[in-house]
Amino acid sequence: MTGALLTGFILFLLKVVCESEPTHAGTDRVEDSHVHLTPQWALQLVNDSLPFSRADSFCRGQFGSLLPLDQLEDQEEPLELLRQIGLRSPVWVRDSSRPVSKPVAVSRQYLQFSALNFPKESREGFAHVNISLPALSSISVCVRVQWDPEWNEVSTIFSYAAPVFTNEFQLRGQVDVQGRILLALIIHGKHLPYKASFPNNGEWHHICVTWRRNSNQWAIYVDGDKKDMGSGSDTYRDIYRDGILILGQDQDSFGGNFTEPFFGNITDLNVWNMSLEARHVHSLSSCLPSSPMLTQDMLFSWNLDLISSHPVVQKVQALLFCPGVHQQMAPQGCRTLQGWSEQQPPLGLTDCSDLLPFICRSSRERYLRMKQMRESQSSQPTAFMNQLMKLSNTSEPVLGQQRLGLDGLAQASVLLNMSAQALEVTQQERLQPADMVSLIQLLSVTADVPSQPPSRAENGSQENFQELGQHFISVADSIISEDNTLTWQAIKEVVNGPMDVVKSIDRMVTRLSPRLMAETDHLTIRSPNIKLEVQQQRLQEGSKVPSFCGPETEKLTKLDCISVPRQKIQDLHNNGFYKLTLVNTWYGSLRPLFNPEENISMVPTVTDGSQRYLGTFLGSSVISTTVLGDDQPVSMAVHFQLQHRVQDSVGNVFDPVCAFWDFDLNPEAGGWWNTKGCEVVSKYYGYTVCYCNHTTNFALLLQVYEAQRSPENEKALQVLTFIGCGVSLCGLLFTFILFIAVGVPKSDRTTVHKNLIVALGMAELLLMCSDWASENEAACFLVTALLHLFFMASFSWMLVEGLLLWSKVVSVNISEDRRMKLYYLIGWGLPVLIVGVTLVISVNKYKADDHCWLNMKTDTIWAFVGPVIFVLVVNAVVLCRVVMVTVSSAHRRAKMLSPSSASKMQTFDLSWAVTRPVLILLPVLGLTWLCGVLVHLSVVVAYIFIALNSFQGFYIFLVYAVYNSEVRNAIKRIKEKRKALSFTNCSQPTSFLPSQRAPITSWSRNPPTPYSPETSETSGPTSSTSTSLVIKNESFRKESFVSFSLKQASGNQQVVQLTGFKPSGC
């Protein structure tokens, strides 16, 4: 490639798309008349005409997309842009609803036609089409021909002669010196030049000719592509009627005197009284079903019964390639927008090969950032760009200004070669953001360069294509190097991410695979961060392909590998595919390029509560497979294994998730990770094996959790739980028996205590039995529901304990009867309601799969967690209030002390005032369950949590029984009554008579203990009360026991009856 050619090509690429600064209005125009800015989008009108596919490629190269018009409101801004510019021609836009064709085996894309064979052995062969044509102002004739490669003279495919004019409409062809067949039309006797052509290779070709009188325009199409067009004869008239249509001969006279015969095969002749559009011809070439409009205007459809032929012409069967035979509807072209059309909506369809302007759309921020980079690159070229300008002998930036993409692979190869050389020279210096954006654009437009089938003149270009592929991978490798991590963060507003480079590599190799593999069945391209391998083979019975693995290193013993199951390859063969091409790629440096601060949103896979979910990130290399069946992308299942870390430095555990990059998920951002259709097959230390039911780019996402407990700890925690529940159950049982046996006076507090003991005891009993019930599905479901009910009842009665305690601390004017009704409603009614509603709403998702408890993978668990959190919050408030009251009381007592000891005693009283209610009330109010929030932090916290809560029943036994003044007083009264009764059998009553010396009598009775949360309140006065006192009387010199009773007499008077017993020494 000469320097002049390089300079000329580079200058062609240096047109600047946008040069002016935006204004600051909400929806504004910029000085460049081709860009329209809205608050969200930048609409760029490219006034240079391109076919639809090239327009779509150009917009991708600008990190945007062809303007989509899915909604009616999307049309307002682009219509305003077109009208302000004054553009009247239609422009390309994107049609998101356009269906995507599915791959079909080449062997199934053939149709059998009945054809006519015109043998070379006789020049007399012809076929007469038995139709009568009217006068035609427009005409289209399509036919499929198979030319005899050994015939080099002028041949007539068809001729139409009218009674008044013989050469009325005719199609003829001849072979040129290059071996091509050139076609020419004769219209109204005017012979048009031989220009349209197709190779004389002995294959079938589809030919269509069209003519229209009002514009006098004609066109010749070959295999769906327009090969020639122009103006017709100088006579503006219709084609004469009542003529004769002959196949394979030129009529020198009306219906006879045949010359210039055709040798070969002819089939599928169709005639219309209209001029077909290019999109119609393309559909017919692919054998797509005709639209109703074409069927309505058809004059003749291929039918051998309507054709009379010479005896030498034989009827034969021909197998023709028809790629559109399996499609249900013919494509109607590509979507266009007409700014000045009166049609509503102003949308239309045009042949996709037409050259039209188009509108690209990108985000406003992206457009402005790209514009800033271009201006910076032009004013201050970087080291890389200076080296590139030096290699190209130009003083202007070479990359980043590609206006209309690249026209051919030769141009793409030149730029890639120069870029690779410049990168090698400047490898010591980090790429700047503008350099990165320019190189990514270069890869994108190169990947979209159309690849034509190789011609005879290019048979020796295999090495050139492989060299182009090597340069492409070399440039891509430099871009995704870990050294450019900071640069990737700097261009995140412009480029979607490193997967844009991956997508360009996929498109490039898929497009060029027929050229790359023209002379080989195996191709490998290696670079430090990328390994590309292309394998090709003919499919046959028992076909299989080896696995593809990433590069081998000394450190890696388990490689990153991917493979297609043998059965899937056999299915391709069974479906008629004859050639298989596998494109495998490994990327080793993508992980650091993703934004580390951007967490991948995923549902945690571990949901049993044993581990705390911290987030998800890319944790492996990226590996991909593209399967081409007969050069068409085919999606099929794959197996792959990838290496990953097991644990980080702080002990967090990684759980691998099989995923793929979905370019259709959030397309404006370039896609996102998806797990649909992928699953983990097996996990090993350091690597994981996955299965996915489709082909694309795969990786492992690692979900980060806190370190998992060891099996020893899990076993110890289970044993501790069982022991604690057993001890608690015994403690609760003893407490309940004491409340009944010792005759604790009835009160609202003792009633609440008893209900809490029953609910908590039943819950812990069921918890201890739940492991045995898990073997039976029905029993396990019942145990789950009962556990839910009784644990909810336990927490509900803990809430009642808190409310009752609040009523003692803060005056609440509610009668005892009404209060107890409310307590029962909360303690038992609310749990029944919660459990019942939960069962009705989510009966199928209620129970966990592997144990007898609520399903933690669904929202069912919140039917327990939500109420528990509420109870704990309320009881925490109650505890704070109790502490405040006790501290206030202790402070008042401290003030009454002498000044010398006030300070020391105040400190002690305050400390004890805080500690005592906390120690007593924490387990009773259930506040020890707050430790459950911190269980994930450490196994030590888990031990503390189980110790506090599995022994909750034992704590209640200590608080309600051992250290409860009501129970202790009741037991003491029983002891005193028994001691008093022991004197009944050995003493006589003694009368207390007055004397002149009054006896010194001492009434001895233990005073009540100061106020504590356990102090009882009697339910009211009783009709009779009895007690016993010890009276010290000097006259007796011994203690006398006096029993007295208080009885209600008539009226409001009370009578006291005393009985004294004097020890008699018994």
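Among residues of the range 182-201 being open to solvent by less than 20 Å² (accessible area, probe 1.4 Å) and within 53 Å of the chain's Cα centre (by Cα), the one that is farthest from Val271 (Cα to Cα) is Phe198.
Here is a yes/no grid of residues against (1) in contact with a strand residue (DSSP E or B) (Cβ under 9 Å, 6 or more places away or on another chain); (2) open to solvent by 20 Å² or more (accessible area, probe 1.4 Å); (3) at pLDDT 80 or above; (4) assigned to a strand (DSSP E or B):
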site: Ser49; (1), (2), (3), (4): yes, yes, yes, yes
site: Asp56; (1), (2), (3), (4): yes, yes, yes, no
site: Phe63; (1), (2), (3), (4): yes, no, yes, no
site: Glu73; (1), (2), (3), (4): no, yes, no, no
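Being in contact with a helix residue (DSSP H, G or I) (Cβ under 8 Å, 6 or more places away or on another chain), at pLDDT below 85 and either of a type in the set (Phe, Trp, Tyr) or open to solvent by less than 50 Å² (accessible area, probe 1.4 Å) (or both): is that true of Ser527 here? It is false that Ser527 is in contact with a helix residue (DSSP H, G or I) (Cβ under 8 Å, 6 or more places away or on another chain), at pLDDT below 85 and either of a type in the set (Phe, Trp, Tyr) or open to solvent by less than 50 Å² (accessible area, probe 1.4 Å) (or both). In this structure, Leu269 does not satisfy being touching a strand residue (DSSP E or B) at 6+ places or on another chain (Cβ under 6 Å), surrounded by fewer than 21 Cβ atoms within 10 Å (Cβ to Cβ) and part of a strand (DSSP E or B).
Pairs are defined by a Cβ separation below 6 Å, a sequence spacing of at least 6 or placement on different chains, a first member in the range 181-193 that is more than 15 Å from His205 (Cα to Cα), and a second member that is β-branched (Val, Ile, Thr) and modelled with pLDDT of 90 or more; the pairs so defined are Leu185/Val209. Val509 meets each of the listed conditions (1) farther than 12 Å from Gly469 by Cβ; (2) touching a residue at least 60 places away in the same chain (Cβ under 8 Å) apart from (1). For Leu958, the conditions (1) modelled with pLDDT of 75 or more; (2) crowded, with 21+ Cβ neighbours inside 10 Å are fulfilled apart from (2). Applying the criterion of being crowded, with 17+ Cβ neighbours inside 10 Å and small (Gly, Ala, Ser) to the residues of the range 829-869, the residue that is farthest from Ala779 (Cα to Cα) is Ala863.
Quick grid of which residues meet (1) assigned to a strand (DSSP E or B); (2) within 30 Å of Arg94 (Cα to Cα); (3) open to solvent by 40 Å² or more (accessible area, probe 1.4 Å):
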| residue | (1), (2), (3) |
| --- | --- |
| Ser620 | no, no, no |
| Thr625 | yes, yes, no |
| Met636 | no, yes, no |
| Asp655 | yes, no, no |
| Lys683 | yes, no, yes |
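Taking the range 334-343 as the range and being modelled with pLDDT of 65 or more and either open to solvent by 10 Å² or more (accessible area, probe 1.4 Å) or in a strand (DSSP E or B) (or both) as the test, the residues that pass are Cys334, Arg335, Thr336, Leu337, Gln338, Trp340. Scanning the range 791-828 for residues being modelled with pLDDT of 85 or more, crowded, with 21+ Cβ neighbours inside 10 Å and not aliphatic (A, V, I, L, M) gives a total of 7.
Yes or no: Ala699 surrounded by 15 or more Cβ atoms within 10 Å (Cβ to Cβ), closer than 21 Å to Tyr613 by Cα and without any contact (Cβ under 8 Å) to a residue 60 or more places away in the chain? For Ala699, the condition - surrounded by 15 or more Cβ atoms within 10 Å (Cβ to Cβ), closer than 21 Å to Tyr613 by Cα and without any contact (Cβ under 8 Å) to a residue 60 or more places away in the chain - is not met. Against the list (1) outside any loop (DSSP other than H, G, I, E, B); (2) within 21 Å of Leu133 (Cα to Cα); (3) among the basic types (Lys, Arg), the condition Arg241 fails is (1).
With respect to being under 45 Å from the mean Cα position of the chain (by Cα) and not in a helix (DSSP H, G or I), Glu775 fits the description.
Yes/no matrix, rows are residues, columns are (1) farther than 19 Å from Phe126 by Cα; (2) over 52 Å from the mean Cα position of the chain (by Cα):
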| position | (1), (2) |
| --- | --- |
| Glu203 | yes, no |
| His206 | yes, no |
| Thr210 | yes, no |
| Arg213 | yes, yes |
| Val222 | yes, no |
| Arg241 | yes, yes |
| Leu247 | no, yes |
| Gln251 | no, yes |
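Within this structure, Glu21 passes the test of being within 30 Å of Met385 (Cβ to Cβ), at pLDDT below 75 and open to solvent by 60 Å² or more (accessible area, probe 1.4 Å).
Only one entry of Ala863, Ala876 meets the criterion of being of a type in the set (Gly, Ala, Ser) and under 23 Å from Cys725 (Cβ atoms), and that entry is Ala863.
Annotation note: Cβ proximity below 7 Å between a residue of the range 710-731 that is open to solvent by 40 Å² or more (accessible area, probe 1.4 Å) and a residue that is modelled with pLDDT of 80 or more (sequence gap 6+ or interchain) occurs for Phe722/Met768; Leu729/Gly761; Leu729/Glu764; Leu729/Leu765.
When restricted to residues that are open to solvent by 20 Å² or more (accessible area, probe 1.4 Å), modelled with pLDDT under 80 and assigned to a helix (DSSP H, G or I), the range 355-404 contains 5.
When the residues of the range 206-216 are narrowed to those that are part of a strand (DSSP E or B), open to solvent by less than 70 Å² (accessible area, probe 1.4 Å) and touching a Ser or Thr at 6+ places or on another chain (Cβ under 9 Å), which ends up farthest from Ser353 (Cα to Cα)? Checked the range 206-216; the qualifying residue farthest from Ser353 (Cα to Cα) is Trp211. Test Leu486 against the criterion of being surrounded by fewer than 18 Cβ atoms within 10 Å (Cβ to Cβ) and either modelled with pLDDT of 90 or more or not aromatic (Phe, Trp, Tyr) (or both), and give yes or no. Yes; evaluated as a whole, the condition is true for this residue. Here Glu493, Glu458 are screened, and the one residue that is at pLDDT 80 or above and open to solvent by 10 Å² or more (accessible area, probe 1.4 Å) is Glu493.
One residue stands out among those in the range 739-764 that are surrounded by fewer than 19 Cβ atoms within 10 Å (Cβ to Cβ) and hydrophobic (A, V, I, L, M, F, W, C): the one that is farthest from Glu966 (Cα to Cα), which is Val758. Residues of the range 295-323 that are open to solvent by 60 Å² or more (accessible area, probe 1.4 Å) and among the β-branched types (Val, Ile, Thr): Thr295 alone.
Okay, residues lined up against (1) more than 27 Å from Thr295 (Cβ to Cβ); (2) surrounded by fewer than 18 Cβ atoms within 10 Å (Cβ to Cβ):
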residue	(1), (2)
Leu133	no, no
Trp147	yes, no
Asn167	yes, no
Val177	yes, yes
Arg180	yes, yes
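The values are calculated or read from the model by the stated rules, or taken from the named source; none is laboratory data. Everything numeric here is computed off the predicted structure, so don't read it as measured data. When we count neighbours, we look across all protein chains shown, and the Cβ atoms used for this are built from the backbone with ideal geometry, even at glycine. Surface accessibility is based on the protein's heavy atoms, side chains included, excluding ligands, DNA and RNA. Shrake-Rupley method; radii C 1.70, N 1.55, O 1.52, S 1.80 Å.
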